[in-house]
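Nothing in this text is a laboratory measurement; each read-out follows from the coordinates by a stated rule. As the structure is a prediction and not an experimental result, all values here were calculated from the model. Cβ atoms come from the backbone with ideal geometry, glycine included; neighbour counts cover every protein chain shown.
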Amino acid sequence: MARKKPNPKAEFVLFNVVYQDGSQTSNRKVPSDLLGGLDGDEPARAAIEEQDREIAERSGRPRGPIKAIERA
């Protein structure tokens with residue numbers, strides 16, 4: 001019997017991010033292996049902040065501080 005291929009969506013968890021200035025982004029991908037420990041979704045904040053720094057370096061437009069994150 002053939003094995004099922006792993007679900008590619010299971011490799012990432014999607015988050016909606018709200019920034020201090022009221023702007024928001026949707027469906028930010030965070031690797032699922034960072035989540036699920038005793039810290040819950042808190043490691044996602046650090047991963048998203050790192051993504052924001054990389055985006056800011058490329059675009060030259062920094063993002064403000066994150067106000068809230070929630071799973072999409």
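Treat each spin label as a single point 7 Å out from the Cα along the C-beta direction, and report the ASN16 to ASP33 distance in nm.
About 3.0 nm separates the two model spin labels.
For the chain, what does -39500 (n - 2.57) per DSSP helix run (n ≥ 4), summed and divided by total residues, give at 222 nm, in deg cm²/dmol to the nearest 500?
-8500 deg cm²/dmol, from helical runs alone.
To the nearest whole percent, what portion of all C-alpha pairs in region 11-71 is separated by more than 20 angstrom?
Value for region 11-71 (Cα pairs over 20 Å): 22 percent.
Just to be sure I understand the model, the point goes 7 Å from the Cα along the line to the Cβ. What's the resulting ARG3 to ARG45 distance in nm?
About 3.8 nm separates the two model spin labels.
Give me the angle, in degrees from 0 to 90, between the Cα long axis of helix 42-59 and the longest principal axis of the Cα atoms of the chain, rounded to the nearest 10.
The angle comes out near 60 degrees.
How much length is gained on full extension from ALA72 to THR25, taking 0.36 nm per residue of separation minus their Cα-Cα distance?
That works out to 15.9 nm of additional length.
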